[in-house]
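Bear in mind these aren't lab numbers, they're just calculated from the coordinates by the rules spelled out. Since the structure is predicted, the reported quantities are computational estimates derived from the model, not experimental observations. For neighbour counting, all protein chains shown are included, and Cβ atoms are generated from backbone atoms with ideal geometry for every residue, glycine included.
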Amino acid sequence: MLKRNLVVIGVSTGGPFTLKELFGELPPMNAAFVIVLHITQQMDYRIARGLDAAASMPVALAVDGEHLRGGNIYLAPGGFHLKLDGNQRVVLCEGERVNYVQPSVDVTMQSLTRPLGGSLIGIVLTGMGKDGAEGIRHIKKVGGVTIAQDQKSSTIYGMPKAAAQTGAVDFVLPPKKIAAKLIELLG
Amino acid sequence: MNHNKIMIVDDNEYVRASVEIICQSVQLDITCAAGGEECLSHLESGFRGVILMDIMMPEMDGWDTIREIVGRGLYDGNIIVMLTGMGEPDAKMDGVQEYVTDYMTKPFGPDQLIESLQYYLTLLNVTSGAHA
């Protein structure tokens, strides 16, 4: 049976270019990628389309109730929080903003459970604020691998800094090296 | 509607002039605003495109201008890029993250500015029916 690998990425300001750089380096992989970008409903489909043009794997907005499939990239739509039921089924929920944002990276990452098979990887990239820090702490606690973008390559070193300050980050890297690390971990 | 418009919102006339020259060098349609009120007035008149927004401006700063843009229902169809000399944003950005797509630190190179603007214009020209 194929391993079910999952990579969850949290990102905010400076995200579209950083994601383009990261996914431009990645070949098709045996992992589902879920991106939580702080974004509005007026912009989500535009970003998905832009990333789809740059990535080797197909990119789409995540749809409520769908099951993640390896080799695909899912972008959380604006205006909802995204949880993953059993690390695999998308649940879009309304409700209060968390860390002033919706979707919130913490909400998605904190919905994850210990992987039964395959790898779980959490990544926090450039962005204002501290969303994703508690999520990274949680992913580490349930046995995942954690990565934060480095200061030099970050458009805004807010979210990656907060993640790194939890002490729960395994690797601090620029986008191209994050891509190489993912190939190493999932290859 | 085809988007190819840029707006620079900055109280510093030299910054406005630099961005204007860079945009004109690649035939991008550029609109200048010396402050938040002028930016809002262009938006009320129908401007839609990429907005380069300075943070530190007298009277209405960049964050307050964004809140006003959203409050008046003028955000849809625009991409906002903060343009600033500050190293890190302050707490006033809380709650507007979702509306700020990128952040460029001054001074910036013309090539970097043009590459960003052209990419964001590409995204604005994606229609809602063309989901990835």
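Output the Kirkwood hydrodynamic radius of the range A:1-90, Cα pairs only, in Å rounded to one decimal.
Answer for the range A:1-90: a Kirkwood hydrodynamic radius of 13.1 Å.
When chain B is treated as a GNM, springs tying every alpha-carbon pair under 10 Å, which of B:Leu43, B:Leu83, B:Leu113 comes out with the largest mean-square fluctuation?
The residue that fluctuates most here is B:Leu113.
Using Stokes-Einstein with the Kirkwood hydrodynamic radius over Cα pairs, what translational diffusion coefficient do you get for the range B:35-104 at 25 °C and a viscosity of 0.890 mPa s, in µm²/s rounded to a whole number? Could you put the intermediate results ahead of the total?
On the way: Rh = 12.1 Å.
The calculation lands on 203 µm²/s.
Find the relative contact order for the range A:6-186 and round it to a whole percent, using C-alpha pairs within less than 8 Å whose residues are 6+ positions apart.
23
Would you mind checking the pairs A:Lys140/B:Lys106; A:Lys20/B:Lys106; A:Lys176/B:Lys5 and listing those with alpha carbons more than 28 angstrom apart?
A:Lys140/B:Lys106; A:Lys176/B:Lys5
Suppose a student asked you for the relative contact order of the range A:125-182, using Cα pairs under 8 Å spaced at least 6 residues apart; what percent would you report?
On the way: 97 pairs, mean separation 24.7, N = 58.
Relative contact order for the range A:125-182 comes out at 43 percent.
Can you pull the mean other chain C-beta count within 10 Å for peptide B:98-109?
Per residue, the average neighbour count from other chains is 5.
What ranking, highest mean first, results for peptides A:40-48, A:112-120, B:58-66, A:98-106 when packing means the other Cβ atoms within 10 Å averaged over each residue?
Taking the mean over residues of other Cβ atoms within 10 Å, the ranking is A:98-106, A:40-48, B:58-66, A:112-120.
Straight distance only, please: which aspartates and glutamates reach the Cα of A:Lys181 with their own Cα at less than 12 Å, same-chain residues fewer than 8 apart left out?
A:Glu25, A:Asp170
Within 10 Å of each Cβ of A:17-26, how many other protein chain Cβ atoms are there on average? Working shown, then result.
Working: counts 6, 1, 0, 1, 0, 0, 0, 0, 0, 0.
What the average comes to for A:17-26 is 1.
Grab the DSSP H runs of chain A that are 4 residues or longer, score each as -39,500 (n - 2.57), total them, divide by all residues and round the 222 nm result to the nearest 500 deg cm²/dmol. Walk me through the intermediate numbers first.
Working: 6 runs with 55 residues, N = 187.
About -8500 deg cm²/dmol.
Please list the three semi-axes, largest first and in whole Å, of the ellipsoid equivalent to the range A:51-113, using sqrt of 5 times the eigenvalues of its alpha carbon gyration tensor.
Taking √(5λ) for each Cα gyration eigenvalue gives 20, 14, 10 Å.
How big is the shadow of the Cα convex hull of the range B:5-124, averaged over all directions, in nm²?
Values: hull surface 26.6 nm².
Result: 6.7 nm².
Output the antiparallel fraction of DSSP beta bridges having both residues in the range A:6-186, as a percent to the nearest 5.
For the range A:6-186, the DSSP antiparallel bridge percentage is about 20.
In the neighborhood of A:Thr113, defined by Cβ-to-Cβ distances under 13 Å, what is the net charge if each Lys or Arg adds +1 and each Asp or Glu adds -1? Walk me through the intermediate numbers first.
On the way: positive: A:Arg4, A:Lys83, A:Arg89, A:Arg114, A:Lys141; negative: A:Asp85.
The answer is +4.
Can you compute the helix-only [θ] at 222 nm over chain B? Use -39500 (n - 2.57) per DSSP H run of at least 4 residues, normalise by all residues, nearest 500 deg cm²/dmol. Each step should come with its number before you reach the end.
On the way: 4 runs with 47 residues, N = 132.
My calculation for chain B gives -11000 deg cm²/dmol from helical runs alone.
Tell me the Kirkwood hydrodynamic radius of the protein assembly as shown in angstroms, computed as one over the mean inverse distance between distinct C-alpha pairs.
After inverting the pairwise mean of 1/r, the radius is 19.7 Å.
Measuring from label point to label point, each 7 Å out along Cα→Cβ, what is the B:Glu44 to B:Asp111 span in nm?
4.2
Only four residue types carry charge here, +1 at the Cβ of Lys and Arg and -1 at the Cβ of Asp and Glu. Report the dipole size of the range B:5-124 about the Cα centre in Debye, rounded to the nearest 20.
That gives the range B:5-124 a dipole magnitude of about 300 debye.
Tell me the volume per residue, in Å³, of the convex hull enclosing the alpha carbons of chain A.
Each residue corresponds to 95 Å³ of Cα convex hull volume.
Expressed as a rounded percentage, what relative contact order does the range B:5-124 have, with Cα pairs under 8 Å and six or more residues apart?
That works out to 25 percent.
Find how much the distance from A:Arg69 to A:Phe171 grows on full extension, using 0.36 nm per residue of separation minus their present alpha carbon separation; answer in nm with one decimal. Show your work: numbers first, answer last.
Working: separation 102, 0.36 × 102 = 36.72 nm, distance 2.58 nm.
Full-extension gain reported as 34.1 nm.
Hey, what do the phi angles of the range A:35-48 turn into as Karplus ³J(HN,Hα) couplings, whole Hz, using 6.51/-1.76/1.60 and θ = phi - 60°, x for Gly and Pro?
Along the range A:35-48, the couplings run 10, 10, 10, 5, 7, 9, 5, 6, 10, 4, 5, 5, 5, 4 Hz.
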